[in-house]
Amino acid sequence: MLKKIPKILSPELVKILMEMGHGDEIVLADGNFPSESMGQRTTRADGHGVPELLAAILELMPLDTYAQPVYLMAKVPGDNVEVPIWDEYAKLIAPHTDAKVEFLERFEFYERAKKAYCVVATGESAIYANVILKKGVVK
């Protein structure tokens, strides 16, 4: 066991975060996301929600300060659902970057996810809960 590693992060996920370099991206995918068919590498975090994983990851991994560090999947045009989880993400992300979150159209998000270092398949049940994080430099 180690100190200060959030217990929600599996050993495999900690290893992945350690392997990632500056500019590498990680996808935190909701339960509806096609994680296994999108990711070059996939790890599972079933039973966990994205906000809890996001908070834990941001304790360990800096966000990129030289490029856009956070992307969310935009709602499909005409889909008039509320997405309260985005407000939760904003509160978690704000202490770690001054950058605004950028929204990607669904298929743009999928294409970016295919190039990500890893897709984390979660048990998140909220819709449009997918997020991409770009790793920054550890200072």
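When the range 81-95 is examined, which residues are found to be of a type in the set (D, E, K, R) and either in contact (Cβ under 8 Å) with a residue 40 or more places away in the chain or within 16 Å of E52 (Cβ to Cβ) (or both)? Walk me through how you get there before you give the answer.
Going through the range 81-95, the residues of a type in the set (D, E, K, R) turn out to be 82, 87-88, 91.
Passing the criteria: D87, E88, K91.
What are the pairs, 6+ residues apart or on separate chains, where a residue within the range 9-24 that is closer than 12 Å to T43 by Cβ has its Cβ under 7 Å from a residue that is in a helix (DSSP H, G or I) and modelled with pLDDT of 95 or more?
So the pair list comes out as L9/A56; L17/I57; L17/L60.
For the range 117-139, give me each residue that is modelled with pLDDT of 95 or more and not in a strand (DSSP E or B). Working first, answer last.
Step one: list which residues in the range 117-139 are modelled with pLDDT of 95 or more, which gives 117-137.
Of everything in the range 117-139, those that are modelled with pLDDT of 95 or more and not in a strand (DSSP E or B) turn out to be Y117, G123, E124, S125, A126, I127, Y128, A129, N130, G136, V137.
Is it fair to say E19 is more than 15 Å from the chain's Cα centre (by Cα), within 19 Å of K135 (Cα to Cα) and not polar (S, T, N, Q)? Write out each step before concluding.
Details: more than 15 Å from the chain's Cα centre (by Cα): yes; within 19 Å of K135 (Cα to Cα): yes; not polar (S, T, N, Q): yes.
It is true that E19 is more than 15 Å from the chain's Cα centre (by Cα), within 19 Å of K135 (Cα to Cα) and not polar (S, T, N, Q).
Cβ-Cβ distance below 6 Å, separation of 6 or more or different chains: which pairs start in the range 53-78 with a residue that is under 14 Å from V101 (Cβ atoms) and end on one that is part of a loop (DSSP other than H, G, I, E, B) and hydrophobic (A, V, I, L, M, F, W, C)?
P69/A99; V70/V101; L72/V101
Restricting to the range 96-113, name every residue that is among the β-branched types (V, I, T) and either closer than 20 Å to P77 by Cα or touching a helix residue (DSSP H, G or I) at 6+ places or on another chain (Cβ under 8 Å) (or both). Steps first, please.
Taking the range 96-113 and keeping what is among the β-branched types (V, I, T), we get 97, 101.
Residue satisfying the conditions is V101 alone.
The values are calculated or read from the model by the stated rules, or taken from the named source; none is laboratory data. Model, not experiment: these values are computed from the prediction. Quick reminder, even Gly has a Cβ in these numbers, built from the backbone with ideal geometry, and neighbours come from all protein chains shown.
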